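Below: one structure, written as structure tokens.
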Amino acid sequence: MKIILGSDGFGYELKENVKEYLEELNHTVIDVGVDSSDQLDLYPDIANVLAVRIAEGETDRGILICGTGIGMAMVANKVPGVRAACAHDPYSAERARKSNDAQIITFGAQIVGATLVRVLLDHWLASEFSGGRSVSKVDRIKELDDQYRRD
């Protein structure tokens, strides 16, 4: 799978660990930064770059890491066609894909450590959109996305 990955300075160390893990699993990883924990790039800029590339179909999935994961998810969800979810437990990571068809998962480096993130990634990467009762909900998200894009 082709996965795009980004973080701010707070998430740098965890991002590097995630990149190593994804490569061990034979995924193709595109790293959009940052390049050090001292780098002061604003998380909205990193999240926007990654989310736009997801929306354009360049990669299958994306991972964003900041201090809490919340801000990255908020920014990514502003990009039309993108569904991002912050997950800090296995059930949420799985449901982000199965129920919500999230292309992006976000993590908080000040909340979860490398060992837990690997577990969360295993759940998220193994999951696909299950359809069923969730189809109408995800379709409605897409409709709202289109509505606000027109307005």
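In table form, for the structure just shown:
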| item | result |
| --- | --- |
| DSSP bridge pairs, the chain: antiparallel proportion in percent, nearest 5 | 0 |
| Viscosity 1.002 mPa s, 20 °C: Kirkwood-radius Stokes-Einstein D of the chain over Cα pairs, µm²/s | 142 |
| Efficiency of FRET between V138 and D35 - r from beta-carbon atoms, R0 41 angstrom, step 0.05 | 0.75 |
| Percentage relative contact order, region 49-140, counting C-alpha pairs under 8 Å, at least six apart | 29 |
| Ranking by accessible area, most exposed first, for R83, R149 with a 1.4 Å probe | R149, R83 |
| Relative contact order for region 30-88, counting Cα pairs under 8 Å that sit 6 or more residues apart, in percent | 31 |
| Helix-only mean residue ellipticity at 222 nm for the chain, each DSSP H run of n ≥ 4 adding -39500 (n - 2.57), per residue, nearest 500 | -15000 deg cm²/dmol |
| L14 - accessible surface, heavy atoms, 1.4 Å probe, Å² rounded to 10 | 20 |
| GluC sites (Glu not before Pro), loop per DSSP, at most 16 other Cβ atoms within 10 Å - longest free stretch of the chain | 59-127 |
| Overall Cα dimensions of region 2-47 - principal axes, largest extent first, Å | 30, 17, 11 |
| Of all accessible heavy-atom area on the chain, the percent that carbon and sulfur account for (1.4 Å) | 50 |
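The values are calculated or read from the model by the stated rules, or taken from the named source; none is laboratory data. Quick caveat: nothing in here was measured; it's all calculated off a predicted structure. No Cβ is skipped: glycine too gets one built from the backbone with ideal geometry, and neighbour counts run over all protein chains shown. What goes into the accessible areas is simple: the full protein's heavy atoms, side chains included, and nothing from ligands, DNA or RNA. Shrake-Rupley method; radii C 1.70, N 1.55, O 1.52, S 1.80 Å.
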